[in-house]
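Below you'll find the structure, written out as structure tokens, and then a few comments.
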Amino acid sequence: MQLQCPMPKLDFDVITLGHGSGGLLTNRLLDSGVFDLLSNEWLDKRHDGVVLDLTEKTAFTTDSFVISPIFFPGGNIGELAVNGTVNDVAMCGAIPEYISLSFIIEEGLSMKEFWDILVAIKFACEQAGVRVVTGDTKVVERGKGDKIFINTTGLGRLHPEADIDIRKLKEGDKVIVSDNLATHGIAIMSVREGLEFETTIESDTRNLNHAVKALLNEFGPAIHLFRDPTRGGAATVLTEIARDSGLGINIFQKDIPVDEQVSGACEILGLDPLYVANEGVFITIAAANEADAIVERMRTMESCRHATIIGEVVADHPKQVILTSSIGGRRVVNMLVGEQLPRIC
């Protein structure tokens, strides 16, 4: 359930080029939306930047969001931007605290759409426990922005128990997926293709930082790596890990969690769930002796209900990921080649 925030009365029904001029219209737009809705002690200073006291090891990330459509089952580009940024910080083993937020808005975007995006941003920030502390707004001519693009930066202090480093991986480590794969990508694709299912497939966009923090609190030294399989899906992330670690990875198709409707949609569309984008899933690689306990703990969390061990790190076939199919066949899993689902995040 999202926040219910009444939309203020505005002089215009749509964004115009004047709203990006830096003058009166820009100020009215920001005053009635961004500053009031996202108010905090840093943003309220309305400066060109922000001064933060960061005396500890800090994770830093940046991202851009260009999804089409900007509203989709289960969310919109606003909460996607916040969650995606928060999750990238969390994958470093840090606790997200601050984000920047910059809009590139296409002339003609309705004020109602922009307001709904801002409300979603506020909701996502409150859920994740982060604050928007600086940002920027630009408006481009009609036809040059695909409604709205959002750029973000995230900062967070490193968790004291985190030692996330691909060099820590070793033979026998277990590969754990936090939840069902491919849900976000199929939610977007079903809208584009007009597919209908018994129930609506909704994006899994959500913050993962609370789950990561809980796991680090309890199992810190046993957790060697976090990654979120967004563009390119789990297959691409795992092949990157194998390549960069110099080790091999075995995964087993029968253990890979995918919702039944999502699996059916993948079959209809000719897609492999391993390559479809996710927005509320992470992969962790952990010490074998703690892996079962980690999965058991994850399954108590709302965001990790289908957590599963899907494979392990091996010394064989270095730099390669090998999938064992449900019928026992084996094949090499490669990175995504080309474009499978355009404009997905």
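The values are calculated or read from the model by the stated rules, or taken from the named source; none is laboratory data. As the structure is a prediction and not an experimental result, all values here were calculated from the model. Reconstructed Cβ throughout: ideal geometry from the backbone, glycine too, with neighbour counts over all protein chains shown.
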Of (1) closer than 25 Å to T199 by Cβ; (2) crowded, with 16+ Cβ neighbours inside 10 Å, V321 satisfies every one except (1)
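Being in a loop (DSSP other than H, G, I, E, B) and surrounded by fewer than 21 Cβ atoms within 10 Å (Cβ to Cβ) is the filter here; which residues of the range 170-200 pass it?
So the first thing to find is which residues in the range 170-200 are in a loop (DSSP other than H, G, I, E, B), and the list is 170-173, 178-182, 194-200.
Those that are in a loop (DSSP other than H, G, I, E, B) and surrounded by fewer than 21 Cβ atoms within 10 Å (Cβ to Cβ): K170, E171, G172, G194, L195, E196, F197, E198, T199, T200.
If the requirement is being over 20 Å from C345 (Cα atoms), modelled with pLDDT of 95 or more and surrounded by fewer than 22 Cβ atoms within 10 Å (Cβ to Cβ), which of these qualifies: E126, E113?
Values: E113 fails: over 20 Å from C345 (Cα atoms).
It is E126.
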Cβ pairs under 8 Å, 6+ apart or interchain, first in the range 77-88 and within 16 Å of L109 (Cβ to Cβ), second buried (at least 24 other Cβ atoms within 10 Å of the Cβ) and at pLDDT below 95, ordered by first then second residue, are I77/I67
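Okay, residues lined up against (1) in contact with a Phe, Trp or Tyr (Cβ under 9 Å, 6 or more places away or on another chain); (2) surrounded by 14 or more Cβ atoms within 10 Å (Cβ to Cβ); (3) at pLDDT below 95; (4) under 27 Å from F197 (Cβ atoms):
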| residue | (1), (2), (3), (4) |
| --- | --- |
| A234 | yes, yes, no, yes |
| A265 | yes, yes, yes, yes |
| F282 | yes, yes, no, yes |
| G328 | no, no, yes, no |
Six or more apart or on different chains, Cβ under 9 Å: which pairs go from a residue in the range 56-75 that's not assigned by TED's automatic domain parsing to the domain that holds N209 to one that's aromatic (F, W, Y)? Could you list them? S64/F149; F65/F149; V66/F149
Output the qualifying pairs, or none if there are none: Cβ atoms under 7 angstrom, residues six or more apart or on different chains, first residue in the range 283-309 and over 21 Å from D259 (Cα atoms), second residue surrounded by fewer than 17 Cβ atoms within 10 Å (Cβ to Cβ) and of a type in the set (G, A, S). A288/G172
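Given the residues G220, G232, G194, G185, which is the only one that is in the same structural domain as T284 (by TED's automatic domain parsing) and without any contact (Cβ under 8 Å) to a residue 24 or more places away in the chain? Please lay out each step first, then the result.
Working: G220 fails: without any contact (Cβ under 8 Å) to a residue 24 or more places away in the chain; G232 fails: without any contact (Cβ under 8 Å) to a residue 24 or more places away in the chain; G185 fails: without any contact (Cβ under 8 Å) to a residue 24 or more places away in the chain.
Every option except G194 fails the conditions.
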Residue under evaluation G22, criteria (1) surrounded by fewer than 16 Cβ atoms within 10 Å (Cβ to Cβ); (2) within 29 Å of the chain's Cα centre (by Cα), criterion not met: (2)
Is it true that some residue in the range 81-104 is at pLDDT 95 or above and surrounded by fewer than 18 Cβ atoms within 10 Å (Cβ to Cβ)? yes
Taking the range 171-194 as the region of interest, how many residues are charged (D, E, K, R), touching a helix residue (DSSP H, G or I) at 6+ places or on another chain (Cβ under 9 Å) and closer than 20 Å to V295 by Cα? 3
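Filter the range 156-169 for residues that are touching an Asp or Glu at 6+ places or on another chain (Cβ under 7 Å) and surrounded by 21 or more Cβ atoms within 10 Å (Cβ to Cβ) and give the result. Steps first, please.
Of the range 156-169, the ones touching an Asp or Glu at 6+ places or on another chain (Cβ under 7 Å) are 156-158, 166.
Within the range 156-169, G156 is the sole residue that qualifies.
State whether one or more residues within the range 248-262 are without any contact (Cβ under 8 Å) to a residue 60 or more places away in the chain, of a type outside the set (V, I, T) and touching a strand residue (DSSP E or B) at 6+ places or on another chain (Cβ under 6 Å). Before the answer, list the steps.
So the first thing to find is which residues in the range 248-262 are without any contact (Cβ under 8 Å) to a residue 60 or more places away in the chain, and the list is 255, 260.
From what is left, the residues that are of a type outside the set (V, I, T) are 255, 260.
Next cut, touching a strand residue (DSSP E or B) at 6+ places or on another chain (Cβ under 6 Å) only: 255.
Within the range 248-262, one or more residues are without any contact (Cβ under 8 Å) to a residue 60 or more places away in the chain, of a type outside the set (V, I, T) and touching a strand residue (DSSP E or B) at 6+ places or on another chain (Cβ under 6 Å).
Restricting attention to the range 161-175, which residues are under 30 Å from R131 (Cα atoms) and either within 19 Å of the chain's Cα centre (by Cα) or free of Cβ contacts under 8 Å to residues at least 60 places away in the same chain (or both)? First the steps, then the outcome.
First pass over the range 161-175, keeping only residues under 30 Å from R131 (Cα atoms): 161-166.
I164 - this is the single residue of the range 161-175 that is under 30 Å from R131 (Cα atoms) and either within 19 Å of the chain's Cα centre (by Cα) or free of Cβ contacts under 8 Å to residues at least 60 places away in the same chain (or both).
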Kindly check whether there is at least one residue in the range 60-70 that is modelled with pLDDT of 95 or more, of a type outside the set (V, I, T), more than 14 Å from T152 (Cα to Cα) and within 24 Å of the chain's Cα centre (by Cα). no
Return the residues of the range 41-80 that are surrounded by 14 or more Cβ atoms within 10 Å (Cβ to Cβ), polar (S, T, N, Q) and in contact with a Gly (Cβ under 9 Å, 6 or more places away or on another chain); say none if nothing qualifies. T58, T61
